[in-house]
Ligand SMILES: Cc1cc2nc3c(=O)[nH]c(=O)nc-3n(C[C@H](O)[C@H](O)[C@H](O)COP(=O)(O)OP(=O)(O)OC[C@H]3O[C@@H](n4cnc5c(N)ncnc54)[C@H](O)[C@@H]3O)c2cc1C
């Protein structure tokens, strides 16, 4: 057997599952393709149900990068000026006291005019796109003490560059809550790193295109590789990254509720499921078939439009990992 557990999908759910199983001493391979919803998200996590260990995992995963350094309920401003509730804070997250909003010309992540209009309490400014020193000079000219800016730095430069920008400008800087920007990417990267550090073999840029009861076909460009496993975990996401959900043994399209196929519980192979996987779509609920599990937004009822976010999918994965571990 190539691995004890093969996890398909490296978003928040797949990483959490891989981390937990690896920590339990299992040989875990994580195969993932495409950009997960996790990396497109605002990267802000709100605890909806208590789990101390999961909170600790999140804190530890971000620690080295200055992410999730504090736990506190905060309503931070989004790029539109609405409020977004979160439970974990990184150093530059709490924008609730800010009075000024500074956009950077050419940076579409944050429009201070819109934020000012919606909040009615932020003064908008625009500054030129420039290097760090010049940006600091421009921010220095803004009279307000705390300024909301768009996210500017990737995970490796986030802490040091924000610190430098604050020191040079003499202002407190806070990041707007933005989707499709750097915070989601930072979150994704730190979760992948945490899974790797726990011992997970991460195969990025590869897609599972076919599965049988004991093995999966993994595609990387024109190359194909077969990997055998003891258990399979489907963590391929939903809607954004996919589109089908498994409800019991029934694969259905989630928005319209169309039944796509019945999956026989003893033999996993099904033309529809294979087709779903090969098009990057796979979605499933709980224990899908013998030795097959699912976690995260792929599970029926766990998708973002149903108000289930990062914490929910990670909690789902955390709990599902226990079932996988106990079953093996
Ligand atoms: C724009 C946007 C903003 C959001 N903002 C927030 C937020 O701020 N806070 C919050 O709590 N939630 C937010 N969410 C929701 C949150 O991002 C999702 O609930 C969460 O990321 C889902 O995680 P997941 O691991 O289930 O799926 P994903 O993160 O989508 O990961 C699934 C991965 O599996 C891969 N995959 C699928 N099929 C295969 C295959 N056959 N082989 C290999 N890999 C495969 C996919 O390509 C993808 O990379 C947001 C969502 C979006 C879209």
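Where a number appears in this text, it was derived from the coordinates with a stated rule and is not lab data. What you see is a predicted model; the values in this text were computed from it and never measured. Glycine gets a Cβ as well: all are built from the backbone with ideal geometry, and neighbour counts include every protein chain shown.
Could you tell me how many of the residues in the stretch 19-51 are within 15 Å of residue 311 (Cβ to Cβ) and surrounded by fewer than 17 Cβ atoms within 10 Å (Cβ to Cβ)? Total meeting the criteria: 5.
Note on the stretch 204-217: residues that are part of a strand (DSSP E or B) and under 17 Å from the mean Cα position of the chain (by Cα) total 1.
I'd like the full set of residues that are surrounded by fewer than 22 Cβ atoms within 10 Å (Cβ to Cβ), within 10 Å of the ligand (Cβ to nearest atom) and farther than 14 Å from residue 29 by Cα, limited to the stretch 179-218. Correct list: 179, 180, 209, 210. Here the condition is being touching a strand residue (DSSP E or B) at 6+ places or on another chain (Cβ under 9 Å) and assigned to a helix (DSSP H, G or I); of 163, 196, 185, it holds for 196 alone.
Being out of contact with any strand residue (DSSP E or B) (no Cβ under 9 Å at 6 or more places or on another chain) and in contact (Cβ under 8 Å) with a residue 40 or more places away in the chain narrows it down to one of 53, 63, so name that one.
On the way: 63 fails: in contact (Cβ under 8 Å) with a residue 40 or more places away in the chain.
Within the list 53, 63, the selection yields 53.
Across the stretch 84-112, which residue is farthest from the chain's Cα centre (by Cα) among those that are surrounded by fewer than 16 Cβ atoms within 10 Å (Cβ to Cβ) and within 16 Å of the ligand (Cβ to nearest atom)? Of everything passing the filter in the stretch 84-112, 108 is farthest from the chain's Cα centre (by Cα). Considering the stretch 5-116, the qualifying strands (runs of 3 or more DSSP E), each wholly inside and each with 3 or more residues that are closer than 20 Å to residue 296 by Cβ, run over 28-32, 83-89.
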